[in-house]
Amino acid sequence: QKIIYFRKFAMSCLVGAHSTPLGALQTNFLKCKLFPNKVKMYLFPKRRKGILEKMSKNEARLGRVNEELMKALSQIITYELKNPDVTGMISVTRVKVTPDLKYAKVYVSMLNSKSVEKTMQGLKDSAGFMRSQVARMVNLRITPELVFEYDDSIEHGERIDNILKQISEQDKAIKEKK
């Protein structure tokens with residue numbers, strides 16, 4: 001009964017303290033051999049077969065570094081970059097870091113930009129400033145050199161959507177004729 005009470009108490013504390021859902025953590029309790037009256041609580045995250053389990057440790061770390069760099073660069077480009085050549089709404093779609101963390105390829109997409117080429121050149125010119133800001137925000141031994149690439153996947157997705165809409169309109173027209 002003590003174990004059940006401690007388990008409920010521990011789970012209620014975890015839910016309140018860390019605001020995690022009840023099913024997110026699995027608790028295991030073991031009685032201590034030296035002190036049988038005391039109960040030890042061990043917390044283990046639930047095992048989920050996902051991307052991170054299939055990857056090695058280094059790949060998982062690179063994935064976390066990619067995410068942190070993407071967040072930091074998005075914030076820097078949106079709020080801190082004051083280059084007049086960089087126009088329009090720029091979003092960082094993906095960051096890919098080399099395994100040695102020397103280089104980071106940053107994929108950006110743009111909306112309402114006056115000139116894509118001029119904006120890309122402005123980003124490349126501001127790479128040193130952004131690298132120094134990333135060094136302040138993200139704690140890495142080596143701050144990667146930033147290489148910017150234009151990502152047209154959003155425009156490609158829009159083209160596919162337009163084609164699908166045209167096909168559905170043609171299907172409706174054919175069905176109405178029958």
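The values are calculated or read from the model by the stated rules, or taken from the named source; none is laboratory data. What you see is a predicted model, and the numbers here were worked out from it, not measured in a lab. Using ideal geometry, Cβ is built from the backbone for each residue, glycine included, and neighbour counts are taken over all protein chains shown. What goes into the accessible areas is simple: the full protein's heavy atoms, side chains included, and nothing from ligands, DNA or RNA. Shrake-Rupley method; radii C 1.70, N 1.55, O 1.52, S 1.80 Å.
Details
- In region 66-79 there is no residue matching the filter, namely being part of a loop (DSSP other than H, G, I, E, B) and either among the polar types (S, T, N, Q) or surrounded by fewer than 15 Cβ atoms within 10 Å (Cβ to Cβ) (or both).
- Among the residues of region 139-157, those identified as surrounded by 11 or more Cβ atoms within 10 Å (Cβ to Cβ) and out of contact with any strand residue (DSSP E or B) (no Cβ under 6 Å at 6 or more places or on another chain) are Leu140, Thr143, Tyr150, Asp152, Ser153, Glu155.
- Lone qualifier among Lys105, Lys82 - being open to solvent by 90 Å² or more (accessible area, probe 1.4 Å) and either touching an Asp or Glu at 6+ places or on another chain (Cβ under 8 Å) or free of Cβ contacts under 8 Å to residues at least 60 places away in the same chain (or both): Lys82
- Residue match in region 125-146 (condition: at pLDDT 95 or above, under 24 Å from Ala72 (Cα atoms), outside any helix (DSSP H, G or I) and charged (D, E, K, R)): yes
- Qualifying positions in region 61-106 - at pLDDT 95 or above and of a type in the set (Phe, Trp, Tyr): Tyr103
- Residue within region 162-174 that is under 27 Å from the mean Cα position of the chain (by Cα) and either within 22 Å of Pro84 (Cβ to Cβ) or loosely packed, with under 11 Cβ neighbours inside 10 Å (or both) present: no
- Scanning region 98-107 for residues that are within 14 Å of Ala72 (Cα to Cα) and in contact with a Leu (Cβ under 7 Å, 6 or more places away or on another chain) gives Ala104, Val106.
- One residue stands out among those in region 108-138 that are within 19 Å of Lys71 (Cα to Cα) and in contact with a Ser or Thr (Cβ under 7 Å, 6 or more places away or on another chain): the one that is surrounded by the fewest Cβ atoms within 10 Å (Cβ to Cβ), which is Ala135.
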